[in-house]
1. Please report which chain A residue places its beta carbon nearest the axis carrying chain A onto chain B, with the distance rounded to a whole angstrom.
2. May I ask you to report, in nm to one decimal and beginning with the shortest, the distances from B:Phe138 to the same position in the other copies, taking label points 7 Å along Cα-to-Cβ?
3. At 27 angstrom or more along the helix axis (alpha-carbon based) and mean Kyte-Doolittle of -0.5 or higher, what helices does chain B contain? Whole DSSP H runs only.
4. Cα centroid distance between region B:92-111 and region A:84-116, in Å?
5. Pick out which of A:Leu17, A:Leu155, A:Leu140 has the largest mean-square fluctuation in a Gaussian network model of chain A, springs linking Cα atoms closer than 10 Å.
6. Restricting to Cα pairs below 8 Å that are 6+ residues apart, what does the relative contact order work out to for region A:27-91? Please round to a whole percent.
7. Comparing B:Ser16, B:Ser120, B:Ser75, which has the greatest mean-square fluctuation in the GNM of chain B with Cα pairs linked when under 10 Å apart?
8. Under a Cβ-Cβ cut-off of 10 Å, what is the net charge of the residues other than A:Ala182 that fall near it, where Lys and Arg count +1 and Asp and Glu count -1?
Number of protein chains: 2
Amino acid sequence: MSRLKPNYHHGDLRNSLLKAAIDLVERNGIAKLSMREVARQAGVSPGAPYHHFKNKDALLTALAEVSLWTLDELSTQAKEGCKTPQARLEAIGVAYIRYATDHPALFQLMFSYARDDVPSDLSDAPVYRVLASVVREFDLTGEAHIAATMAAWSLVHGLAVLVIDGPLRHLAHQPEQVMQLAKAVTAHLRL
Amino acid sequence: MSRLKPNYHHGDLRNSLLKAAIDLVERNGIAKLSMREVARQAGVSPGAPYHHFKNKDALLTALAEVSLWTLDELSTQAKEGCKTPQARLEAIGVAYIRYATDHPALFQLMFSYARDDVPSDLSDAPVYRVLASVVREFDLTGEAHIAATMAAWSLVHGLAVLVIDGPLRHLAHQPEQVMQLAKAVTAHLRL
DNA sequence: AAGTAATCTAATCACCGTTTAGATTACTAC
DNA sequence: GTAGTAATCTAAACGGTGATTAGATTACTT
């Protein structure tokens with residue numbers, strides 16, 4: 001019946017909390033995430049997380065940020081091996097849809113708990129900058145470039161959301177059908 | 001100091017609860033909605049709502065359903081006065097974006113608490129059926145028709161989400177700029 | 001008018017987000 | 001090393017929340 005000595009210094013609690021939160025969100029969804037459960041999973045008292053995150057919202061915002069940059073990196077990697085701009089654009093789209101269907105809860109989190117500080121320069125924003133860099137290869141200028149980038153992003157983002165939550169959500173766990181639909185849909189994008 | 005007689009039969013509590021919930025969601029967002037506050041706003045005890053909705057999720061799902069059909073109706077009305085298929089499509093898009101920016105919380109609710117029963121026939125699904133009916137005028141067949149409808153929906157839905165929550169959310173309260181962007185973006189849709 | 005179903009209240013439970021005071025550990029400068 | 005300070009965590013508490021239960025009241029049916 002020996003009590004464990006309280007662990008007053010965890011070492012890297014902030015990251016442990018983020019990791020635990022990601023785990024729980026992916027398993028149970030955003031709605032069921034509780035600070036106390038995150039603390040439990042990290043093996044720490046209920047009040048401990050509040051030394052690293054001001055409140056639950058701050059935790060979720062941090063999570064959204066992490067996820068956004070993860071998706072940014074996945075998209076970047078995806079386009080690397082491709083030769084033509086079209087191929088790069090398609091690769092990004094595929095990576096995007098794949099992330100959305102593989103991690104639906106995190107994907108939703110990214111856009112419902114986005115941080116309030118919008119980068120003044122759009123080309124600093126995660127995901128946007130990747131898409132914009134590829135769209136720029138299509139030789140557009142100024143406003144037209146922004147519109148084209150947003151069009152590409154809107155199309156693939158909308159598809160992702162609709163496949164996860166829309167009337168086609170029964171396809172969510174049939175990757176090959178989703179990809180086939182993605183190809184057919186993105187064929188309607190004119191650059 | 002007379003106590004009011006308990007109102008054992010409210011009359012139409014279910015609808016009153018839905019109305020109160022819509023009000024609260026639009027004012028404070030989805031996250032801050034509580035069953036007890038809905039009950040309070042409807043002037044009823046904390047347990048009363050559970051006779052009309054199995055749990056909080058069921059309330060939110062019902063709310064999502066209501067909002068979906070509201071949007072469906074708005075879209076239908078919007079296309080009525082238009083002469084060409086292109087004009088009808090554009091009118092639906094405008095109505096869609098307008099609803100999203102006017103009622104962002106409800107708009108998000110529609111797609112995060114969508115009911116689990118996917119209509120076996122897609123043409124029974126709210127919003128989809130409206131879009132599909134217009135896209136059908138473009139003379140496409142079978143799979144191509146579905147893909148085209150999803151492309152149109154994806155584009156406008158993605159734009160709505162990105163304007164509300166994405167890197168362009170500072171535009172959310174500048175309708176004219178949003179509409180301008182919407183036009184520029186939807187111009188990239190090829191049917 | 002009696003009996004049954006529907007509707008709401010009151011009370012209760014476990015859980016949650018958050019705050020506070022205090023204990024423990026690490027860090028820094030002499 | 002050791003004193004002092006900052007950082008980190010615990011323990012305990014507060015009000016609020018989702019949900020369940022038993023029972024009171026009202027409406028409905030025949």
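Every number in this text was worked out from the coordinates using simple rules, so none of it is lab data. Everything quoted here is computed from the prediction, not taken from an experiment. Positions of Cβ are backbone-derived with ideal geometry, glycine not excepted, and every protein chain shown enters the neighbour counts.
1. Reported as residue, whole Å: A:Gly158, 1.
2. Ordered by increasing distance: 1.5 nm.
3. On the way: long enough: B:56-80 (36 Å, 0.03); B:142-165 (34 Å, 1.21).
Qualifying helices, which must be both long enough and hydrophobic enough, are B:56-80, B:142-165.
4. Using only Cα atoms, the two centres lie 21 Å from each other.
5. Of A:Leu17, A:Leu155, A:Leu140, the most mobile in the Gaussian network model is A:Leu140.
6. 15
7. Maximum fluctuation in the GNM of chain B, among the listed residues, is at B:Ser120.
8. With Lys, Arg at +1 and Asp, Glu at -1, the net is +1.
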